[in-house]
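Read through the structure below, which is laid out as structure tokens, and then see the notes.
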Amino acid sequence: MTSDELHPHVALSRHAHNRLGLQRTDDAWVTARWADPATRVLVVAGTRLRVVDGDVPWVSPAEAPEGTRVLLGLVDGTTYAACLVAPEEAPGERDEWVPLRAVLPVLADAPERAPLLFHAMGLAEWHFATRYCPRCAGALESRAAGHELRCPECGRSQFPRTDPAVIMAVVHEDGSILLGRQNAWPAGRWSTLAGFCEPGETLEDAVRREVGEEVGIPVGEVTYFGNQPWPLPASLMLGFVARAESKDVHVDGAEIEQARWFTRDGLRDAIAAGEVDIPRGVSISSSLLAEWYGEPLPRRS
């Protein structure tokens, strides 16, 4: 069994693109890439992608609408870019445009596309939410092929933001794992716990604090597992295994509605019975669960 089969999020890092950071400020070079019909362009409407016939299309520069041009990078000699347009200016039918989360099943079958899509959507979310200078409220202008926003009034620059978030498999010495669910989730949906790192806090302390706040369980050893960009809208998910020092659950009732300990056999049986659904596909939550389970995760009968 390969690590990609057990840890699907690892497959994404194998396809990282050359981000061409040194070329972003070379306007002549960027213009030449936009004139090249071989360049592939992803059109993003606000924070949504277009899905046509079950796939996300990449078009030539000539086929792309007018919009903010964003350089993504180079893959196998082909330049990839994105064109950001306002939602009301999106081509095609309205129901063709969906949020990134709706496209994740496509990425599970074609993980080589994920780094480019995550890069594009992270920048699209940032452009969509960051329009005015926080210092003087001047309208921001796109620079560096979409990777910088500059205020022409005061000269202050803004750069893309990434919010660190911890996500953890909380396990007990008896081999069981703690999963939680939120009230807004579909019935039967359970997942690993997660939360944002606060200013001045180490990642390990963030794990202990979040577990303590959400389910009332003290955590001892915290072991790093891996990480994954998650532009929904702007997170970097940092995975850990947290060793629980108790199994006495007290949910906060706010972020977590229920929390439940599962053995491997118990989780398998609950999934087979259709009582429980867990994260799958490219998410690091799925990888954390698979690492604990020890083999590919069971599916409903």
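The values are calculated or read from the model by the stated rules, or taken from the named source; none is laboratory data. Please read all numbers here as calculations on a predicted model, not as lab measurements. In this analysis, Cβ positions are derived from the backbone assuming ideal geometry, glycine residues included, and neighbour counts consider all displayed protein chains. Heavy atoms of the whole protein, side chains included, go into the accessibility calculation; ligands, DNA and RNA do not. Shrake-Rupley method; radii C 1.70, N 1.55, O 1.52, S 1.80 Å.
A few comments on the model shown:
- Shape call, region 158-244: gyration tensor on alpha carbons, a/c limit 1.5: oblate
- Put a dot 7 Å past the Cα of Glu257, heading toward its Cβ, do the same for Ala35, and the two dots end up 5.7 nm apart.
- With only Cα atoms counted, region 189-238 has Rg and Dmax values of 11.5, 33 Å.
- Ordered from highest to lowest accessible area with the whole protein assembly present and a 1.4 Å probe, Tyr80, Tyr224, Tyr293 read as Tyr224, Tyr80, Tyr293.
- Summarised in one figure, the compactness ratio Rg/Rh of the chain, Cα atoms and Kirkwood Rh, is 1.01.
- Residues of the chain: accessible area per residue with a 1.4 Å probe, Å²: 50
- Rounded to the nearest 0.05, the FRET efficiency derived from the C-beta distance between Asp95 and Ala62 at R0 = 25 Å is 0.45.
- Full-stretch length increase - His15, Ser157 - with 0.36 nm per residue and alpha-carbon distance subtracted: 48.1 nm
- Percent breakdown of C-alpha pair distances by 10 Å bin, ordered from the shortest bin, for region 144-183: 19, 24, 17, 15, 18, 6, 0
- For Leu72, the residues whose amide H sits under 5 Å from its own are Tyr80, Ala81, Ala82, ignoring neighbours fewer than 5 places away on the same chain, with H placed 1.01 Å from N.
- Using alpha-carbon coordinates, inclination of helix 114-129 to the longest axis of the chain, degrees: 70
- Semi-axis lengths (Å, descending) of the ellipsoid that matches the C-alpha gyration tensor of region 107-227: 37, 19, 14
- Normalised alpha carbon radius of gyration of region 204-301 [divisor 2.2 N^0.38 Å]: 1.14
- Choice from Asp53, Asp163, Asp269 with maximal GNM fluctuation in the chain (Cα, 10 Å cutoff): Asp53
- Relative pair counts by distance (%), Cα atoms of region 22-82, 10 Å bins: 21, 55, 22, 2
- To put it simply, the accessible area of the chain at a 1.4 Å probe is 48 percent carbon and sulfur.
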